[in-house]
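The values are calculated or read from the model by the stated rules, or taken from the named source; none is laboratory data. This structure is a prediction, so every number in the text was calculated from the model and none was measured. Using ideal geometry, Cβ is built from the backbone for each residue, glycine included, and neighbour counts are taken over all protein chains shown. The area values use the complete protein model at the heavy-atom level, side chains included, leaving out ligands, DNA and RNA. Shrake-Rupley method; radii C 1.70, N 1.55, O 1.52, S 1.80 Å.
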Amino acid sequence: MLYGLMAYFDAPEKLLKAIGALKEAGYRRMEALTPNPVEGVERLLGGDGRIPWVAFALGVLGAGLALFLQVYTTLDYPHNAGGKPLLGWPAFIPVTFELTILTITVGIFLYLLYQNGLPLADHPAVRAPSYVRVLLDEYGLFVYASDPRFDPEATRALLESLGAEVEEVRRA
C-alpha cells in the first residue's frame, strides 16, 4: 500500500519553490526533510503558533505553583530567622525562577512529544530507498498519500516538473 511520495532536490531554493507550488495546487499534508535549517520552510508549511503561548501558560503555572508552595509553607510553619520578615519575597525569587524554568522545559518537552506523535519508531519517509540522501546533502519533500489532492501519477508529474527525483514509499 502506498504511503506517499518522497521527492529529492539538490538545492534549498528548489525545495521552497516545490513547497509553494504544491500549496498553490491545494496539497496540505507534506513534510520537508533537510540536512540543515532552511529559511522559509516553516512559513510555507505553516508553523505551530501555539507553542509560545503554551510555554507562557506553563511559565505562569510554574511561577504560581512555586510562590504558592513557598508562601504556604512559610505561613503554615512560621519561624523567626534572625528577625527577618515572615514573607520576605526576595528569598522566594531563586526557587520561583527555577521552578518556572523547570515547568516550561518539562511541559514543552511533553507537549512537543504529543504534537509530533512521538514516540514514533520511525517516520514513514525513512522507509524510502534513498532516504540517506536527505541526511547527507539533499533536500527532501514527503507528500502523504492521505492528502485529499494526492493522485500518484499527477503528484509525481508535478514534482518531477519542479526538478525533483521522485520515489514511492510503501507501508511495510
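Worth pointing out:
- Average accessible surface area per residue within the chain, 1.4 Å rolling probe, Å²: 63
- Compactness of the stretch 1-77 is given as radius of gyration and Dmax, 22.1, 66 Å, from Cα positions.
- Relative to the dominant Cα principal axis of the chain, helix 93-115 is inclined by about 30°.
- Computed from the C-beta positions of Thr105 and Leu135, the FRET efficiency with R₀ = 25 Å rounds to 0.35.
- Annotation note: GluC sites (Glu not before Pro) in the stretch 23-119 located in DSSP loop regions with a Cβ neighbour count of at most 13 within 10 Å are Glu39.
- Its Cα centre serving as origin, the chain has a Cβ charge dipole (Lys and Arg +1, Asp and Glu -1) of approximately 460 debye.
- Label-to-label distance, nm, for residues given as His123 and Thr73 (7 Å Cα→Cβ offset): 4.3
- Residue-by-residue Karplus 3J(HN,Hα) for the stretch 57-65, coefficients 6.51, -1.76, 1.60, Hz, glycine and proline x: 5, 5, x, 5, 4, x, 5, x, 5
- Put simply, the chain fits an ellipsoid with semi-axes of 51, 15, 14 Å; these come from the alpha carbon gyration tensor as the roots of five times its eigenvalues, largest first.
- Per the Kirkwood formula applied to alpha carbons, the stretch 109-172 shows a radius of gyration over Rh ratio, Rg over Rh, of 1.02.
- Over the stretch 33-72, the reciprocal of the mean inverse Cα-Cα separation, the Kirkwood hydrodynamic radius, stands at 13.0 Å.
- Extents of the stretch 51-115, taken as max minus min of Cα coordinates on every principal axis and listed largest first, are 50, 19, 14 Å.
- Of all accessible heavy-atom area on the stretch 80-172, the percent that carbon and sulfur account for (1.4 Å): 64
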